Amino acid sequence: MKHGTDRHLTIHYAYICSPTGMTQTNGASHLLVVEDSEANEIHRFFVLDGTLQLGVVQVGSQNTTFDPARALSYYRTVESQLFTLVSKYPSAYKYVPRKTYDYLARPRLLSDLYAGMQEADTSWLVDQFLVRPLSNVGDMVLSKAQREENSETVRRWCLTAPYGPRMLVTQDLRWGDYDRQGWGCQLRVEDLKPVFDGHHRNDLIGYLRQGFPVFIEMVNREDLDALLEWLSVLKSMGLKWSSIVLTLRSHKTLGAVVNRLAEIPDIRFLTAGSTVRSLSTITKRLREVRGEDWASGLVFGSLYPETQLGDSITEILSYLLSRTLAGTPRDLQRIFAGNLMRMLPSAPPFLRATANDECVVAERSLGKAAYDEVLRMLQVLASREQKHVASVAFMISTDSYRVDTSTAVVTVEDAASERASSLVMKSEHDGTLRLVGWTRVLSRGPVSRDSEEMTALLRSITQSGPVLNSPSHLRAFGKSLLEHFRVVDPVEILSTLHFSASRQETSPGMIGLNRSDMEALNVSDDDLVLILEDHTGQWFVGKAFACDVESRTASVHTLDSELVAMSGKHQLDIVRYQGQPIGLRQVVFGYRESAGPTTGETVSLIQLRDGDVVSKLQGFFVARGVKYYPLGQKHGVIFNLTWSRPQLRPGEVGTLTGADVEFRPLPSLSEINVILCLEFNGGRESRISVTSPRSILSRLTRSAGGGLTEQIADHVRGSVSGSEGVAIIGLLLMSLFEVNRCDGRFALINASKDVEKFSVQKAETVQQYLQFSDDMESSEVRTTMVLSVLDALRDSAGPPNMTEVYRSIAEFLEDFGDQRPTLAILVTSGAEAEGDEAASFIHAIGQRNGCRVLVIGVGESFDTQAALKTLQGSCFVVEKASKICLQTIHNAVLSSLEALTASGQPR
């Protein structure tokens, strides 16, 4: 395909600009989290795009702006296409991209600094970007005036909120233009001699000497001789070229010289513009020349918006993750970020640094409070346009190339003076936060981005520094922090952060403030403000209005303070809320008891009063990470928002107006797998009483949908057969887990006349389990599951082969692995099984780690002792259900979940 200028622009206007042409995905953005299909291991790759191009392109009278928000939107499309390819060709991937797990979160510091300021629902497939200004599109070179304007615009985007933490500006030395210094520089081969002889000579030599990245574009074969000649000059000057990254504008044209280029020691290739075929050729040659160190020769990059020079970014990502390339996790992390990060300095080398030697440690639980204080102050300073976070530089392991996102150098630039102050932040596993001024770090000698070296250095420095070990220290800490950032009037900033609360009968959702405080906060009537109680960490968002209260006092409605259990005895932090509330369509709240394990009695209470709970939450801005008490603190039941559609990110708030709201005990929403096996023994029927059949029928019909009410009602009465009891319990358990949206799996086994595994058709593949995160959201899938249970109940004619029952459970346990806990539930009227084969499966189940098998024996005739004799092993638990009772069933399941997920349960 030809990629001329007009063709290229047409592609991108249709692909990126058109509202109807851009693929959208629902839910939260994904990180590059993959599962090694061979080793069954999960890896999270930090991704740094080596070259992103931003600016304005003017063609005739048409201006098109390629800004950061648009680039992130493009990557969301890439993300969607990647998952589409994975679903079509799963066997082609050695590393299968997966949806994000809670414990594999975005880099916390980067995400938190970015939170509340970003465009809605943008991508996080890439963590950071090296950015250069757009100066040409294809063969069309922009005018000098456009190039200069783009250079200044890109620098502003990269050094100010909201994109400063994620985007790093480079110096553009192409076309003979003047540009200010950056994290590295960009040239063409034909620019090398003029730049070396011109006024940017010292800049270029400085990058080479310090090992900062130097990107060089090659356009044609003749560039090879000029490049080799220039490298010879560098050698004669004693300069190294280990930080040079080659960008091949046309891999087709330059294919013949790739082998020669790959033989140059320490030269790297940018993946942008390549095809799968050309990249395969490069990697093959690199393996021949460099052996196991072949991955040192590649740097991931997109050249967005020029993404049509070769194969798509999606195809290049797929190749890098493929079985064909078969790279190790270390290889891929080097390509995605490691090679480039090792070249980058820890702080912007082009900003004038302000001396600082602060040093403080906030221990354990106080570390999080201190961390939050740092974030809030930086956000307030940014909102007041006094300071901007110019960069966040993470450390990296020398051996594994793993990016250490718990350790970073944060550089804050003064908006007026263009001076910068850098601070090293280290979050320990136990919550301890270490803060050290960059000047003190540099005083120990040259510092690299090696994570192990930096950790040891920080611990050594902070041994002699002050330690925060009481909440009363936080205010002094805040003042010290503002002094570190050279804030002119720190008292003024602190006054905008700390308030006392006053309960008044104002309108719910309204926050009354003194007019002078509103001016200090830069808020007006009906603007949203975020209120956080410093002692409990509870927070909510409300609308500000001016009222007659004392200075630094917030008037909060009684119902609002009771809902989030604000005592009014502690200080409040108040800042302007930057985002907009999101209208939620579907919401799941998990609840738990504050004083102990969640019980079946609590489940029954919530089902009885769910209407009251919804009415208390309606009209309130809800968010993740907040504890709600809609029944009041005296009941001791805490509610947390666990999932929503659209998905809320941390710090975002949503409204429940018109939303479908569901409540479930929190253990049932854990990161788990569930295997549900229903054994319909038609040959040993007995009558079983049902407690509160109307409540059970209401629960089941709400879950299954109105279309199945009559079919379910036929089997829910005051007295039912044993098989009907099994079906009722099975449907209740399906209802319990159906709103879990973790990345675990759910399997259903119906053991009637035959033992059958419930399956779904996905493209050309039959899948014998459901994904909580995807399949369970489908009402069609849930309805089909209910029908399969009713069909098995109808077909029950005698005891099934229990050997096959245990075989099926053992197979699912083997398939699911031990990546997350698995709860297997067998609902049966008799768990006994005879023969060596059955015993072998039971033994295999009992030997599994991270699993629990709950056997619910249905009916008065169920022999618990016989079951325990058959099911030997610590993972087996047997509970007898003499009658069908909601509380009894929920108690049995929740106690097993509590024991199984005690260490990983979301709180």
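The values are calculated or read from the model by the stated rules, or taken from the named source; none is laboratory data. Everything numeric in this text was worked out from a predicted model, so none of it was measured. Heads up, the Cβs are rebuilt from the backbone with ideal geometry, glycines too, and the neighbour counts pull from every protein chain shown. Just the protein is used for accessible areas: all its heavy atoms, side chains included, with ligands, DNA and RNA removed. Shrake-Rupley method; radii C 1.70, N 1.55, O 1.52, S 1.80 Å.
Looking across segment 78-116, just one residue is assigned to a loop (DSSP other than H, G, I, E, B), out of contact with any strand residue (DSSP E or B) (no Cβ under 7 Å at 6 or more places or on another chain) and at pLDDT 90 or above, and that is Y89. What is the number of the single condition among (1) over 17 Å from M237 (Cβ atoms); (2) in contact with a Pro (Cβ under 9 Å, 6 or more places away or on another chain); (3) open to solvent by less than 60 Å² (accessible area, probe 1.4 Å) that N220 does not meet? Here N220 clears every test but (2).
For segment 238-247, the set of residues classified as modelled with pLDDT of 95 or more and either more than 44 Å from the chain's Cα centre (by Cα) or over 19 Å from M341 (Cβ atoms) (or both) is empty. Kindly check whether there is at least one residue in segment 545-561 that is open to solvent by 70 Å² or more (accessible area, probe 1.4 Å), within 20 Å of G654 (Cβ to Cβ) and in the same structural domain as P508 (by the TED database). Yes, that holds for at least one residue. If you check R402, R444, R419 for being without any contact (Cβ under 8 Å) to a residue 60 or more places away in the chain, in the same structural domain as G367 (by the TED database) and open to solvent by 30 Å² or more (accessible area, probe 1.4 Å), only one passes: R444. Among (1) open to solvent by 10 Å² or more (accessible area, probe 1.4 Å); (2) farther than 15 Å from T51 by Cβ, there is one condition R188 misses while meeting the rest; what is its number? It fails just one condition, (2).
Within segment 831-880, can you find the residues that are aromatic (F, W, Y) and either open to solvent by 30 Å² or more (accessible area, probe 1.4 Å) or over 16 Å from L813 (Cα atoms) (or both)? Reasoning before the result, please.
We begin by selecting, within segment 831-880, every residue aromatic (F, W, Y); these are 841, 862, 876.
F841, F862 - these are the residues of segment 831-880 that are aromatic (F, W, Y) and either open to solvent by 30 Å² or more (accessible area, probe 1.4 Å) or over 16 Å from L813 (Cα atoms) (or both).
It is to be established whether one or more residues within segment 418-434 are touching a His at 6+ places or on another chain (Cβ under 8 Å) and under 30 Å from F215 (Cβ atoms). There is at least one residue in segment 418-434 that is touching a His at 6+ places or on another chain (Cβ under 8 Å) and under 30 Å from F215 (Cβ atoms).
All of (1) modelled with pLDDT under 75; (2) in contact with a strand residue (DSSP E or B) (Cβ under 8 Å, 6 or more places away or on another chain); (3) of a type in the set (V, I, T) hold for V57 with one exception: (1). Applying a threshold of 7 Å to beta carbon distances and a minimum spacing of six or more residues, or different chains, the list of pairs starting in segment 623-639 at a residue that is farther than 27 Å from Y577 by Cβ and ending at one that is polar (S, T, N, Q) and open to solvent by 10 Å² or more (accessible area, probe 1.4 Å) reads G636/S594; V637/T602.
If you take the residues of segment 344-365 that are part of a loop (DSSP other than H, G, I, E, B) and of a type in the set (G, A, S), which of them is most open to solvent (accessible area, probe 1.4 Å)? Result: A355. Hey, could you check segment 591-625 for residues that are in contact with a strand residue (DSSP E or B) (Cβ under 6 Å, 6 or more places away or on another chain) and assigned to a loop (DSSP other than H, G, I, E, B) and say which is surrounded by the fewest Cβ atoms within 10 Å (Cβ to Cβ)? Among those that are in contact with a strand residue (DSSP E or B) (Cβ under 6 Å, 6 or more places away or on another chain) and assigned to a loop (DSSP other than H, G, I, E, B), it is S594. Inside segment 826-855, residues that are more than 13 Å from L678 (Cα to Cα) and either among the aromatic types (F, W, Y) or in a loop (DSSP other than H, G, I, E, B) (or both) make up a count of 9. The residue of segment 65-76 that is farthest from K144 (Cα to Cα), among those that are touching a strand residue (DSSP E or B) at 6+ places or on another chain (Cβ under 7 Å) and buried (at least 18 other Cβ atoms within 10 Å of the Cβ), is Y74.
Considering only residues in segment 288-341 that are among the β-branched types (V, I, T) and surrounded by fewer than 22 Cβ atoms within 10 Å (Cβ to Cβ), the one that is nearest to S91 (Cα to Cα) turns out to be T324. Condition (residue is closer than 28 Å to N640 by Cβ, modelled with pLDDT of 80 or more, within 32 Å of the chain's Cα centre (by Cα) and outside any helix (DSSP H, G or I)) applied to segment 511-521: is it met by at least one residue? Checked segment 511-521: at least one residue is closer than 28 Å to N640 by Cβ, modelled with pLDDT of 80 or more, within 32 Å of the chain's Cα centre (by Cα) and outside any helix (DSSP H, G or I).
For segment 44-65, filtering for residues that are closer than 29 Å to I396 by Cβ and touching a Phe, Trp or Tyr at 6+ places or on another chain (Cβ under 8 Å) leaves 10.
Here V380, V374, V389 are screened, and the one residue that is under 23 Å from the mean Cα position of the chain (by Cα) and not in a strand (DSSP E or B) is V374.
Quick check, is R585 basic (K, R) and within 26 Å of D774 (Cα to Cα)? Before you say what the answer is, go through the steps one by one.
On the way: basic (K, R): yes; within 26 Å of D774 (Cα to Cα): yes.
Judged against the criteria, R585 is a match.
For segment 777-819, filtered to residues that are of a type in the set (D, E) and part of a helix (DSSP H, G or I), the residue that is farthest from the chain's Cα centre (by Cα) is D795.
Looking only at residues in segment 147-180 that are hydroxyl-bearing (S, T, Y) and outside any helix (DSSP H, G or I), the one that is modelled with the lowest pLDDT is T160.
Which members of segment 135-146 meet the condition of being on the phi < 0 side of the Ramachandran plot and either open to solvent by 10 Å² or more (accessible area, probe 1.4 Å) or assigned to a strand (DSSP E or B) (or both)?
Within segment 135-146, N136, V137, D139, M140, V141, S143, K144, A145, Q146 qualify.
Remark: pairs (first residue in segment 741-761, in the same structural domain as S773 (by the TED database) and free of Cβ contacts under 8 Å to residues at least 60 places away in the same chain; second residue in a strand (DSSP E or B) and surrounded by fewer than 21 Cβ atoms within 10 Å (Cβ to Cβ); Cβ separation under 9 Å; 6+ apart in sequence or on different chains) = S759/V766; S759/Q767; V760/V766; V760/Q767; Q761/Q767.
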